[in-house]
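Presented below is the structure to which this report refers.
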Amino acid sequence: MAGAFKSIANVAAEHQGVHQAITEVFGSYGGGRSGDQVLVQPMVQDVALSGVALSRDIEAGGPYYVVNYDDLTGRTDTVTGGGESKTVLVHHARPQAVHSPRIRRIIATVSELVVATGCDDLDVEFCMTHGGQLYILQARPLAASKQWQNIDTSKVSASLDEVRIRLTDLMKPAAGVCGSTTVLGEMPDWNPAEMIGNAPRPLSLSLYKNLITDGAWWRARVNMGYRAVPHPLLLDLHGRPYIDVRLSLNSFLPQSVSDELAEMLVNGQLARLAAKPESHDKIEFEVAVTCRDLAFPTDRLAEDGLSHGQIAEFEYHLKGLTARALTSVPRMAHLLERTRGLAGHGDLAQMLDDCRNEGTIPFSELARHAFIGMTFLKSLVARGALSQYRADLFMHNIETVAGEFVADLHQVSIGEKSRGDFLTRYGHLRPGTYDILSARYDESPDLYLGRHSHAPEQVEPFQPTGEERKAIDQLLSEAGYQVDCGHLLHYVTAGVAAREEAKFNFTRNVSNGLAAIDRWGAGLGLSRDDLSFLEISDILNSADLGLLRDKVARGREFYELTKMIRLPHLLCEPDDIDVVRIPLGRPTFITGKSVTAPTIQLGVASNVDIDGHIVLIEAADPGYDWIFSHDIVGLVTKYGGANSHMAIRSAEFGLPAAIGCGERLYSVLASGKVLELDCAASRVKVVDSLR
């Protein structure tokens, strides 16, 4: 087993050094047995690039070459040892789409090895020198192949051809919408990759569309004075959800802005996003300008091609919208009260209608107010009126339903609140809000409530100092707003708190709706798993059990094909579907399984029972192979790519894993007591709080 015995690199090419190294390796065998051997290989020098290449995508066996490589350190064990590396996936039918000569050569060599070995599923370790010499260090069959579904990969090619045709049409000018093209992304605006995952099952996807992205999203913005964009925001490309960024950017413009100016703004912002794709999950901060805060980005707008006059015109219209928003605290209270009135029971169709009209539309408006408030807070820091520490302290002092949850959970853990009382308020919560397979708190209380919860943190009170008040008042006056420091901070507080409670309130309806669907399905002999492959329209409109079972079967088949299709996080051109680059810090998810379980971090905790836990380790190192001899239920690593040792091992054992989360995500996950690891939806998150 990898990591069990010693390996020695860079041994001097002389008798004594080689003899000593062989002796040390033999010594690591313990007692040994007759016939044991030590493999001696030449050490490649002057390495420019090294890594692992697969002839198929390890997640589902899709027809992709997957090259996981390190072109920075000069080492040959970075990828296999789980160090930070780069990953690119290339569809089998389109290797010519790769621009890099080195990657093209590696792919051609893997293709040659497939022919020479007669094995379609290869795991190839390689390195290349600065002089361009390519070395194959090892080639072996992919053990993970036994975990894959047997699907004709030509269907993937056909599906990608359909996606390419659709993208070509979508990226043309559209009637009634400003912008000469569009960009599609998994994370902009309503970030479906975070909310439902990038490969959700049909019920989750259709429910999210029904409640939010089909219409609620733009109606809420119109109520605030933004431009009406009566189109579905979310498009699914063979089941993969994407946000149409052109529509999103249109919806962030004031209604009063002219079409000519809107066209320039949207085209400039789309070009900015295409040039800086790392901004895809923060377009409201780094691409669009959605309110007139106290640090208006004049230079950025000029870079996007606007003249001084056009910038002034845009600022005028945006300022009017923002001024109205800043005086909307009474309306925010009214919107929040509407969400409190959601019944959360009754006929399913009526529950969904109520959830849209009295839940997601008010929530969407409140969420936009909260965003405007946060933008103002950031601008106060940018202008020096508040330090970042003071801004963070202000945020920590905002009392939200999340803080109440933590306090109530602690009360339960110390016996001062009954579990029944806690579940009466919080029992509807489930890690996957739109996922019928995700257990509610009141369905699995031992999982969520079975551990001691720490007391809420005592936070230093926040009050603006006289100097801070003066600085904020001056900035507001300079911007022409008729409000003062106290009003602005109250607006931010009210927006953030209302957003959190409104979300809590409308998700009760969603959760209860899923519970109603579960009961309805049970009466027909349909399991939750069966129901997850139906669309919400099937459930609302079909009473024929035979037809429903047929739709379940077709939905299941469609979903298995969806999992085999790999697409990039951002699509700027139709041909972007041919080469998928995985950005650093975006995990590789192994298997299509989902698990919610307590966590344990190796390296922080040692000599502990890891059975039944999701194990967190920093590096995907072969020395951790021993963990697979235990009954762990999942694995999360900070570093490692699609082809790292732990990725290969997890696929081989069918273990759900998120490999290579990066420092930022890993630190968040390591702070949690319970994680939801949903590999099919490409999602991993902390679920032991309302974060």
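Odds and ends about this structure:
- Some residue of segment 65-83 being surrounded by 15 or more Cβ atoms within 10 Å (Cβ to Cβ), part of a loop (DSSP other than H, G, I, E, B), at pLDDT 90 or above and of a type outside the set (S, T, N, Q): no
- Residue list for segment 92-101, restricted to those being touching a strand residue (DSSP E or B) at 6+ places or on another chain (Cβ under 6 Å) and either at pLDDT 95 or above or surrounded by 15 or more Cβ atoms within 10 Å (Cβ to Cβ) (or both): Val98
- Any hit, segment 519-528, residues being within 33 Å of the chain's Cα centre (by Cα) and crowded, with 19+ Cβ neighbours inside 10 Å: yes
- Some residue of segment 343-357 being surrounded by fewer than 22 Cβ atoms within 10 Å (Cβ to Cβ), outside any helix (DSSP H, G or I) and of a type in the set (A, V, I, L, M, F, W, C): yes
- The selection criterion, being in contact with a helix residue (DSSP H, G or I) (Cβ under 7 Å, 6 or more places away or on another chain), modelled with pLDDT of 95 or more and among the aliphatic types (A, V, I, L, M), holds for Leu301.
- Listed conditions (1) assigned to a helix (DSSP H, G or I); (2) touching a residue at least 12 places away in the same chain (Cβ under 8 Å) are all met by Tyr481, apart from (1).
- Considering residues of segment 601-653 that are part of a loop (DSSP other than H, G, I, E, B) and of a type in the set (D, E, K, R) only, the residue modelled with the highest pLDDT: Asp611
- Among the candidates Asp293, Asp299, residue that is within 17 Å of Glu315 (Cβ to Cβ), out of contact with any Cys (no Cβ under 9 Å at 6 or more places or on another chain) and surrounded by fewer than 16 Cβ atoms within 10 Å (Cβ to Cβ): Asp299
- Filter result for Gly32 (exposed (fewer than 13 other Cβ atoms within 10 Å of the Cβ) and either closer than 25 Å to Pro141 by Cα or modelled with pLDDT under 85 (or both)): yes
- Selection count where residues are among the β-branched types (Val, Ile, Thr), closer than 18 Å to Phe376 by Cβ and in a loop (DSSP other than H, G, I, E, B), scope segment 271-306: 2
- Summed over segment 428-467, the residues that are within 30 Å of Gly384 (Cβ to Cβ), in contact with a helix residue (DSSP H, G or I) (Cβ under 7 Å, 6 or more places away or on another chain) and at pLDDT 80 or above give a count of 3.
- All of Leu488, Leu526, Leu514, Leu534 fail the test of being touching a residue at least 40 places away in the same chain (Cβ under 8 Å) and assigned to a loop (DSSP other than H, G, I, E, B), apart from Leu534.
- Scan of segment 374-412 for residues that are at pLDDT 95 or above and of a type outside the set (A, V, I, L, M, F, W, C), ordered by number: Ser379, Arg383, Gly384
- Exactly one residue out of Glu278, Glu284 is touching a Phe, Trp or Tyr at 6+ places or on another chain (Cβ under 7 Å) and at pLDDT below 95, and it is Glu284.
- Which listed residue, of Leu273, Leu234, Leu247, is farther than 29 Å from Leu476 by Cα, in contact with a His (Cβ under 6 Å, 6 or more places away or on another chain) and assigned by TED's automatic domain parsing to the domain that holds Val163: Leu247
- Of the criteria (1) part of a loop (DSSP other than H, G, I, E, B); (2) within 28 Å of the chain's Cα centre (by Cα), which one Thr360 fails: (1)
- Residue identified as free of Cβ contacts under 8 Å to residues at least 60 places away in the same chain and either within 26 Å of the chain's Cα centre (by Cα) or on the phi < 0 side of the Ramachandran plot (or both) among Glu125, Glu112: Glu112
- The one condition from (1) under 28 Å from Lys282 (Cβ atoms); (2) surrounded by fewer than 18 Cβ atoms within 10 Å (Cβ to Cβ) that Trp217 does not meet is (2).
- Number of the condition not met by Leu211 [criteria: (1) within 23 Å of the chain's Cα centre (by Cα); (2) at pLDDT below 95]: (2)
The values are calculated or read from the model by the stated rules, or taken from the named source; none is laboratory data. Please read these numbers as outputs of a predicted model, since none were measured by experiment. Here Cβ is always computed from backbone atoms with ideal geometry, including for glycine, and neighbour counts include all displayed protein chains.
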